[in-house]
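Peer 1: Okay, here's the structure, questions in a sec.
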Amino acid sequence: MADSAQDDDGVTRRDFFNVAAVAASVVGAGLAAWPLINSMNPAADVLALSSTEIDLTPIEVGQSITVVWRGKPVFIRRRTEAEIEQARADDKASLPDQELDADRVQNPEWLVMVGICTHLGCIPLGQKAGEPRGDFGGWFCPCHGSHYDTSGRIRRGPAPRNLEIPEYIFLDDTTIRIG
Amino acid sequence: MAGAPNREYKNSLVRWIEYRLPIFSLLDHTIGRDYPTPKNLNYWWSLGAVLTIALIIQIITGIFLAMYYVPTAEGAFDSVERIMRDVNSGWMIRYIHSNGAALFFAAVYIHILRGMYYGSYKRPRELLWFIGIIIFILMMATAFMGYVLPWGQMSFWAATVITNLFSAIPWVGDSITIWLWGGFSVGSATLQRFYSLHYVLPFVIFGATIVHIWAIHVHGPNNPKGISVKGPQDTIPYHPYFTTKYMVVFGIFFIALAFLVFYEPNYLNHSDQFKRANPLVTPANIVPEWYFLPFYAILRSIPDKLMGVVAFGGSLMILFILPWVDTSRVRSGAFRPVFKQFFWIFVADVILLGYIGSQPPAGALLIIGRLATVYYFAHFIIILPLVGWMERPKPLPESIAEPVLKGEGGQ
Amino acid sequence: MIVLKTMTGLKLGSLRRMATAVVVAAGIVFTSGLSANAAEEAREYESHDWSFYGLFGTYDRASLQRGYRVYKDVCASCHSLRLISFRNLVEIGFTEDEAKGIASEFTVEDGPDAEGDMFERTARLSDRIPSPYRNDNEARSINNGALPPDLSLIVKARHGGPNYIFALLNGYSEEAPEDFHLTDGMTYNPYFAGAEIAMPEPLFEDAVEYGDGTTASVEQMAEDVTHFLAWASEPTLDRRHQLGFQVMIFLILLTGLFWIVKRRTWKDMH
C-alpha cells in the first residue's frame with residue numbers, strides 16, 4: 001500500500017478503508033460460496049422421498065429380507081425364539097457399544113436395522129441361508145471381520161457401533177413404514 | 001511476463017516460496033506493483049478485468065449446475081426445472097449463470113468497441129487483437145451451446161437453425177449437418193455433444209485469455225491517447241492504482257448482475273424457452289439471444305442461403321483485417337475527428353442491425369436490414385481506408401504525462 | 001402472428017412449413033400459441049396489480065390457496081401440473097396435515113411389487129400431482145385433437161405472463177362479432193391468438209366453494225388461479241426478492257467502499 005499521512009493514533013485513514021474493503025470482499029466471497037456448497041446437500045425432492053412401506057407377510061420365521069431405503073439396504077429379520085432369547089441373554093455380555101435388545105426392537109420378533117457395517121460401510125453377510133453369520137449367530141462383515149450378534153450389536157472386530165436402527169413404525173401387524 | 005525476481009519480500013514464507021516458484025513476482029509483474037501501466041487509462045480499460053471475473057463466475061456456477069443437469073432429450077428440461085425448484089439455491093446458481101452470460105457479452109462488446117475506438121488493434125498489437133477475436137468466437141460458440149442445454153423450444157429451434165447453416169456448404173453440407181447432429185435431426189446425440197463442448201470450451205477460453213494477457217504485457221496496454229510510453233513519468237504501478245480503480249467497476253458489475261438475478265431473472269429470456277422442446281412445432285418467431293442479434297440480422301439479410309452464411313461468417317472474420325484496413329498513422333480515435341463520427345455511426349449501425357434481428361424479416365425492415373449489412377462491411381472495406389488517407393488528425397501530445405489542452409483523450 | 005414468413009437463407013422455412021403441415025394434419029389448433037390460421041392479432045390486455053410484482057413483492061398465501069381450489073376443481077380435469085408435488089403445497093400455506101389430506105384424495109401408480117405387478121396406492125406428499133391423462137395421445141383423443149398444455153410453467157411460457165392468463169380467463173364473456181367465422185368446437189376469446197380457442201369457457205359463478213368465505217366470482221377465481229399458477233411457475237420468488245434486497249444493500253455498500261478507496265489512492269495523482 002502506498003504511504004499516506006498518519007493520524008494521531010498512528011492508524012492511517014486509508015488503511016482503515018483498505019482493510020474494510022478487503023474484509024468486506026472476503027466476507028462477500030464467503031457468503032457467495034455458501035449457496036454453491038449448500039447446493040450439494042440433498043435436494044428437496046430427495047429429502048421428501050425418505051419413507052418406504054414394507055409388507056411383512058411373506059417373511060417366515062427365521063428368514064430375512066433386504067429392502068432399499070434412501071438408497072441403503074435395510075435388513076428386516078423375523079427372528080426365531082432361540083435368537084430372541086440369545087439376544088436377551090447377551091444383554092449381560094461385554095458389549096463394545098452397550099445397548100439392550102429391548103431398546104433395539106419395537107416387536108421382539110422383528111429386527112429392523114440399516115444393513116451397513118459401522119466400520120467402513122460394507123454390507124455384512126448373514127441375510128441369506130448359508131452365508132457366514134459370524135461367531136455370534138448374527139451377521140458377519142467380510143471386509144474387515146466385524147461380528148454382529150442376533151440383535152445386530154457389534155461383538156468383535158473393528159466396527160465401533162451396533163448396526164443402526166432406522167426410524168420406523170408398525171402401520172398394522174404386517175406393515176411397517178421406514179422413515 | 002515474469003522477469004527475474006528483483007524485489008525483496010519481507011515475509012519469510014513468501015520468500016521461501018518465491019525462491020522455489022516465483023509466483024509472487026509473477027503476480028506483481030502481471031497485475032501488481034511491478035507492472036508499469038500508462039497513467040491515463042480510463043474506466044473503459046477495466047472491461048478486460050471484468051471479463052476475467054465474468055468468465056470465472058460462469059465456470060464456477062457451471063460446474064455446480066453440471067452436478068444436477070441431465071444431458072438427454074428426455075431428462076434435460078426436467079433436470080433444469082429440478083435445479084430451479086428442488087436443489088438448494090439451485091435457482092440462484094442458474095440465474096447467475098444465465099444472466100451472467102448476458103452481462104459477459106455486454107462487457108465483451110464494450111471491450112471490443114473500446115479497442116476499435118482507441119485503435120488498440122494497431123501495430124504492434126495485431127496478435128493481441130487476433131487472440132481477442134478468437135476468444136469472442138469461442139464465447140459465441142459456448143453461449144450458443146449453453147442456450148441449447150435447457151432443451152426448451154428456443155433451445156431446440158436455435159440448434160436446428162444454426163446447425164442447418166452448415167448445410168449451405170456446397171456438396172458436403174448435408175453430410176456435415178448430419179455429422180453435427182449425430183442423427184437425422186437435432187436430438188439426444190446433439191444435446192450430449194453440445195454439453196460436452198459447452199463444458200470444455202470455457203477452459204479453452206481461459207487458456208486463450210492467459211495468452212491474451214501475456215500479449216498485452218509484451219508492449220503494455222494501449223491508452224486513450226494512443227501514443228507509446230516514453231518513460232517512467234508516463235506510467236504508474238498497476239497496483240494499487242488500477243486495482244482500486246477497477247474494483248469500483250467490479251462492484252457495479254456485481255450490482256447489475258444481482259439486479260438481474262434477483263429482480264428480473266427472465267427479462268432477457270423468451271417465453272418459448274419455458275415450453276419443452278417439440279420437434280413438430282416451431283415457435284412463431286425465432287429470436288436468438290440479444291447478443292447474437294446483429295449477426296443474425298446479417299445472416300437473414302442476404303436472400304441466398306450460401307451467401308447468407310458467408311456474410312455471417314464474414315461479419316466476424318472481417319475483424320481480422322482491421323489492423324490493415326485502418327490506414328491512419330494515428331492510433332487513438334480521440335485525435336481523429338472524422339473517424340470518431342464514423343465510429344459512432346458504425347455503433348448505431350450495429351444497434352440497428354440488432355433491432356432488425358429481433359423483428360420478423362418483412363417489408364421495410366428487410367430493406368433497411370440489407371442496407372445496414374452493406375454499411376457494416378463498407379465500414380471496414382471502404383470507410384476506414386478512405387478516412388485514414390483523407391483525414392487530418394489533430395496534433396498529438398508529446399507524451400502521456402504532458403498535460404493536454406481542452407481535456408482531450410479521456411481523463 | 002407471423003407464422004409462415006419465410007426466412008431467407010435458412011432451411012428453417014421448409015422445416016417450418018413441414019411442421020405446420022403436421023400440425024394442421026393432426027388437427028391441433030391449440031398448441032403453444034401457434035395457430036395455423038392465426039391471421040388476427042390477439043387483443044392487448046391490461047396490466048394487473050399483482051402482489052408479487054415489485055422489488056418487495058410476495059405471493060398472497062390466501063389467494064394461492066384459493067387458486068389451488070380453482071385449479072383442482074376446474075382446471076385439473078383437463079390440465080396436468082406435473083412439476084408440482086403435494087409437498088410443495090406446504091409452501092403456499094397449507095399445513096402438512098392439510099397437504100397430506102389433499103394428497104390422500106389422489107391415487108398414483110407405483111410398483112412393481114414383489115410379483116412384478118404395478119399397483120395403485122394413495123398419493124403421498126412426495127408424489128407429483130398426477131396427470132388427468134396417461135399420455136399426450138390420450139389427452140388429444142379426448143379433447144378433440146387439442147392438447148391441454150401442462151400448467152406448471154404456463155405463466156412463464158406465455159408472453160405477457162400472469163396478465164395474459166388473467167385476461168384470457170376473463171375473456172370468455174364477449175360474444176363473437178357477427179362477421180367472425182368460428183370453427184366448429186372452438187370458443188371465441190379475443191385474447192387468444194386467432195381469437196378462437198379450443199378450451200371451452202372454464203369458469204362460472206360459484207364453480208368453486210372457497211373455504212374462507214370469499215365470493216367465487218369469475219374474476220375472483222381467475223385472479224386466484226392465475227396467482228396460483230404464477231407461483232407454480234416460479235415458486236422461489238418470495239425467497240428471491242427477500243435475499244435480493246440484502247444482496248443489493250451489501251453490494252452497494254461494498255461498491256461505495258471501493259469508491260472511497262479508489263479516491264484516496266488516486267488523491268495525489270491528479
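The values are calculated or read from the model by the stated rules, or taken from the named source; none is laboratory data. Only a predicted model underlies this, so the values are computations on that prediction, with no experimental measurement involved. Counting neighbours? That spans all protein chains shown, and the Cβs are built from the backbone with ideal geometry, glycine included.
Peer 1: Give me a count of the residues in the stretch A:141-177 that are more than 18 Å from the chain's Cα centre (by Cα) and among the aromatic types (Phe, Trp, Tyr).
Peer 2: Residues in the stretch A:141-177 being more than 18 Å from the chain's Cα centre (by Cα) and among the aromatic types (Phe, Trp, Tyr): 1 in total.
Peer 1: Quickly run through the stretch B:232-247 and pick out the residues that are assigned to a helix (DSSP H, G or I) and either at the interface with chain C (Cβ under 10 Å from one of its Cβ atoms) or touching a His at 6+ places or on another chain (Cβ under 7 Å) (or both). Before the answer, list the steps.
Peer 2: Taking the stretch B:232-247 first, the residues assigned to a helix (DSSP H, G or I) are B:232-234, B:238-247.
Listed by number, the residues that qualify are B:His239, B:Pro240, B:Tyr241, B:Phe242, B:Thr243, B:Thr244, B:Lys245, B:Tyr246, B:Met247.
Peer 1: While we're looking at this one, here's another question. Would it be correct to say that B:Leu306 is under 23 Å from B:Phe377 (Cα atoms), facing chain C (nearest Cβ under 9 Å) and touching a Phe, Trp or Tyr at 6+ places or on another chain (Cβ under 6 Å)? Lay out the reasoning, then the answer.
Peer 2: Values: under 23 Å from B:Phe377 (Cα atoms): yes; facing chain C (nearest Cβ under 9 Å): yes; touching a Phe, Trp or Tyr at 6+ places or on another chain (Cβ under 6 Å): no.
So B:Leu306 fails the test.
Peer 1: Here's a follow-up. For the stretch B:209-227, what are the residues that are surrounded by fewer than 20 Cβ atoms within 10 Å (Cβ to Cβ) and either at the interface with another protein chain (Cβ under 10 Å from one of its Cβ atoms) or touching a Pro at 6+ places or on another chain (Cβ under 9 Å) (or both)?
Peer 2: B:Val218, B:His219, B:Gly220, B:Pro221
Peer 1: Let me confirm something: among B:Gly333, B:Gly357, B:Gly363, B:Gly314, which residue is under 26 Å from the mean Cα position of the chain (by Cα) and farther than 18 Å from B:Met116 by Cβ? Before you say what the answer is, go through the steps one by one.
Peer 2: Working: B:Gly333 fails: farther than 18 Å from B:Met116 by Cβ; B:Gly363 fails: under 26 Å from the mean Cα position of the chain (by Cα); B:Gly314 fails: farther than 18 Å from B:Met116 by Cβ.
Being under 26 Å from the mean Cα position of the chain (by Cα) and farther than 18 Å from B:Met116 by Cβ holds for just one of B:Gly333, B:Gly357, B:Gly363, B:Gly314, which is B:Gly357.
Peer 1: Ok, one more. Would you confirm whether any residue within the stretch B:142-158 is within 29 Å of B:Val347 (Cα to Cα) and without any contact (Cβ under 8 Å) to a residue 24 or more places away in the chain?
Peer 2: Checked against the condition, which is being within 29 Å of B:Val347 (Cα to Cα) and without any contact (Cβ under 8 Å) to a residue 24 or more places away in the chain, the stretch B:142-158 yields no hits at all.
Peer 1: Additional query: How many residues does the stretch C:107-161 contain that are away from chain B (no Cβ under 13 Å), assigned to a loop (DSSP other than H, G, I, E, B) and of a type in the set (Val, Ile, Thr)?
Peer 2: Adding up the residues that qualify gives 1.
Peer 1: Would you pick out the residues in the stretch C:78-96 that are more than 17 Å from C:Leu151 (Cα to Cα) and at the interface with another protein chain (Cβ under 9 Å from one of its Cβ atoms)?
Peer 2: Matches in the stretch C:78-96: C:Arg87 only.
Peer 1: Follow-up. Have a look at B:Leu197, B:Leu180 and point out the one that is surrounded by fewer than 19 Cβ atoms within 10 Å (Cβ to Cβ) and not polar (S, T, N, Q).
Peer 2: Answer to the selection: B:Leu197.
Peer 1: Which residues, taken from the stretch A:46-89, are in contact (Cβ under 8 Å) with a residue 60 or more places away in the chain, small (Gly, Ala, Ser) and crowded, with 16+ Cβ neighbours inside 10 Å?
Peer 2: A:Ser51, A:Ser64, A:Ala87, listed by residue number.
Peer 1: Answer yes if at least one residue in the stretch B:73-88 is in contact with a strand residue (DSSP E or B) (Cβ under 6 Å, 6 or more places away or on another chain), assigned to a helix (DSSP H, G or I), more than 12 Å from chain A (Cβ to nearest Cβ) and not polar (S, T, N, Q), and no otherwise.
Peer 2: Filtering the stretch B:73-88 for residues in contact with a strand residue (DSSP E or B) (Cβ under 6 Å, 6 or more places away or on another chain) gives B:77.
Now narrow it down to the ones that are assigned to a helix (DSSP H, G or I): B:77.
Restricting the remaining residues to those that are more than 12 Å from chain A (Cβ to nearest Cβ) gives B:77.
When the remaining residues are screened for being not polar (S, T, N, Q), the result is B:77.
Looking through the stretch B:73-88, at least one residue is in contact with a strand residue (DSSP E or B) (Cβ under 6 Å, 6 or more places away or on another chain), assigned to a helix (DSSP H, G or I), more than 12 Å from chain A (Cβ to nearest Cβ) and not polar (S, T, N, Q).
Peer 1: Right, B:Val347: touching a residue at least 24 places away in the same chain (Cβ under 8 Å), more than 14 Å from every other protein chain (Cβ to nearest Cβ) and not in a helix (DSSP H, G or I) or not? Spell out how you get there, then give the answer.
Peer 2: Values: touching a residue at least 24 places away in the same chain (Cβ under 8 Å): yes; more than 14 Å from every other protein chain (Cβ to nearest Cβ): yes; not in a helix (DSSP H, G or I): no.
Considered against the rule, which asks whether it is touching a residue at least 24 places away in the same chain (Cβ under 8 Å), more than 14 Å from every other protein chain (Cβ to nearest Cβ) and not in a helix (DSSP H, G or I), B:Val347 comes out as no.
Peer 1: Is there any pair with a first residue in the stretch B:58-82 that is under 14 Å from B:Phe194 (Cβ atoms) and a second that is among the acidic types (Asp, Glu) whose Cβ atoms are under 8 Å apart and which are 6 or more apart or on different chains, and what are they?
Peer 2: B:Val70/B:Asp78
Peer 1: What number goes with the only condition from (1) touching a residue at least 40 places away in the same chain (Cβ under 8 Å); (2) surrounded by 15 or more Cβ atoms within 10 Å (Cβ to Cβ) that C:Leu89 does not pass?
Peer 2: (1)
Peer 1: Another question, if that's okay. Only one residue in B:Leu103, B:Leu41 is part of a helix (DSSP H, G or I) and either at positive phi or among the aliphatic types (A, V, I, L, M) (or both), so which one is that?
Peer 2: Working: B:Leu41 fails: part of a helix (DSSP H, G or I).
When all the criteria are applied, what remains is B:Leu103.
Peer 1: Any residue at all in the stretch B:289-298 that's part of a loop (DSSP other than H, G, I, E, B) and either on the phi > 0 side of the Ramachandran plot or within 25 Å of the chain's Cα centre (by Cα) (or both)?
Peer 2: To start, the set of residues in the stretch B:289-298 that are part of a loop (DSSP other than H, G, I, E, B) comprises B:289.
If we keep only those that are either on the phi > 0 side of the Ramachandran plot or within 25 Å of the chain's Cα centre (by Cα) (or both) as well, we get B:289.
Yes: the stretch B:289-298 contains one or more residues that are part of a loop (DSSP other than H, G, I, E, B) and either on the phi > 0 side of the Ramachandran plot or within 25 Å of the chain's Cα centre (by Cα) (or both).
Matching residues to (1) touching a strand residue (DSSP E or B) at 6+ places or on another chain (Cβ under 9 Å); (2) at the interface with chain B (Cβ under 9 Å from one of its Cβ atoms); (3) surrounded by fewer than 21 Cβ atoms within 10 Å (Cβ to Cβ):
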residue: C:Ala207; (1), (2), (3): no, no, yes
residue: C:Thr214; (1), (2), (3): no, no, yes
residue: C:Phe228; (1), (2), (3): no, no, no
residue: C:Ser233; (1), (2), (3): no, yes, no
residue: C:Phe245; (1), (2), (3): no, yes, yes
residue: C:Gly256; (1), (2), (3): no, yes, yes
residue: C:Ile260; (1), (2), (3): no, no, yes
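Peer 1: Quick one: B:Tyr376 ticks every box in (1) at pLDDT 95 or above; (2) surrounded by 17 or more Cβ atoms within 10 Å (Cβ to Cβ); (3) farther than 20 Å from B:Gly119 by Cβ; (4) not charged (D, E, K, R) except a single one, so which number is it?
Peer 2: With (1) at pLDDT 95 or above; (2) surrounded by 17 or more Cβ atoms within 10 Å (Cβ to Cβ); (3) farther than 20 Å from B:Gly119 by Cβ; (4) not charged (D, E, K, R) applied to B:Tyr376, the lone miss is (3).
Peer 1: Check off (1) surrounded by fewer than 20 Cβ atoms within 10 Å (Cβ to Cβ); (2) within 24 Å of A:Glu53 (Cβ to Cβ) for A:His144 and give me the number that stays unchecked.
Peer 2: Of everything listed in (1) surrounded by fewer than 20 Cβ atoms within 10 Å (Cβ to Cβ); (2) within 24 Å of A:Glu53 (Cβ to Cβ), A:His144 misses just condition (2).
Peer 1: Can you spot a residue in the stretch C:59-69 that is within 30 Å of A:Leu47 (Cβ to Cβ), in a loop (DSSP other than H, G, I, E, B) and either modelled with pLDDT of 90 or more or within 14 Å of chain B (Cβ to nearest Cβ) (or both)?
Peer 2: Just the residues of the stretch C:59-69 that are within 30 Å of A:Leu47 (Cβ to Cβ), to begin with: C:59-69.
Those left that are additionally in a loop (DSSP other than H, G, I, E, B): C:59-60.
Add one more test, that the residue is either modelled with pLDDT of 90 or more or within 14 Å of chain B (Cβ to nearest Cβ) (or both), and what stays is C:59-60.
Yes; the residues of the stretch C:59-69 include at least one that is within 30 Å of A:Leu47 (Cβ to Cβ), in a loop (DSSP other than H, G, I, E, B) and either modelled with pLDDT of 90 or more or within 14 Å of chain B (Cβ to nearest Cβ) (or both).
Peer 1: Among what's in the stretch A:133-144 and is without any contact (Cβ under 8 Å) to a residue 40 or more places away in the chain and assigned to a loop (DSSP other than H, G, I, E, B), pick the residue that is farthest from A:Asp90 (Cα to Cα).
Peer 2: Across the stretch A:133-144, the extreme among qualifying residues is A:Cys143.
Peer 1: So, B:Ser175, is that one small (Gly, Ala, Ser) and closer than 23 Å to B:Tyr35 by Cβ or not? Steps first, please.
Peer 2: Details: small (Gly, Ala, Ser): yes; closer than 23 Å to B:Tyr35 by Cβ: no.
No.
Peer 1: Go through the stretch C:150-178 residue by residue and tally those that are among the aromatic types (Phe, Trp, Tyr) and over 15 Å from the mean Cα position of the chain (by Cα).
Peer 2: The first filter runs over the stretch C:150-178 and keeps only residues among the aromatic types (Phe, Trp, Tyr), leaving C:164, C:166, C:172.
From the residues that got through so far, the ones that are over 15 Å from the mean Cα position of the chain (by Cα) too are C:172.
Number satisfying all stated conditions: 1.
Peer 1: In the stretch B:265-301, which residues are without any contact (Cβ under 8 Å) to a residue 60 or more places away in the chain and at the interface with chain C (Cβ under 10 Å from one of its Cβ atoms)? Write out each step before concluding.
Peer 2: First, the residues of the stretch B:265-301 that are without any contact (Cβ under 8 Å) to a residue 60 or more places away in the chain: B:266-267, B:271, B:280, B:284.
Answer for the stretch B:265-301, where residues must be without any contact (Cβ under 8 Å) to a residue 60 or more places away in the chain and at the interface with chain C (Cβ under 10 Å from one of its Cβ atoms): B:Asn266, B:Ser271, B:Leu280, B:Ala284.
Peer 1: Sticking with this structure for a sec: Hey, A:His147 hits all of (1) outside any loop (DSSP other than H, G, I, E, B); (2) closer than 28 Å to A:Asp173 by Cα but one; which does it fall short on?
Peer 2: The one condition A:His147 does not meet is (2).
Peer 1: Test of understanding: among B:Phe206, B:Phe250, which residue is at the interface with chain C (Cβ under 10 Å from one of its Cβ atoms), part of a helix (DSSP H, G or I), more than 30 Å from B:Phe335 (Cβ to Cβ) and at pLDDT 95 or above?
Peer 2: Numbers: B:Phe206 fails: at the interface with chain C (Cβ under 10 Å from one of its Cβ atoms).
When all the criteria are applied, what remains is B:Phe250.
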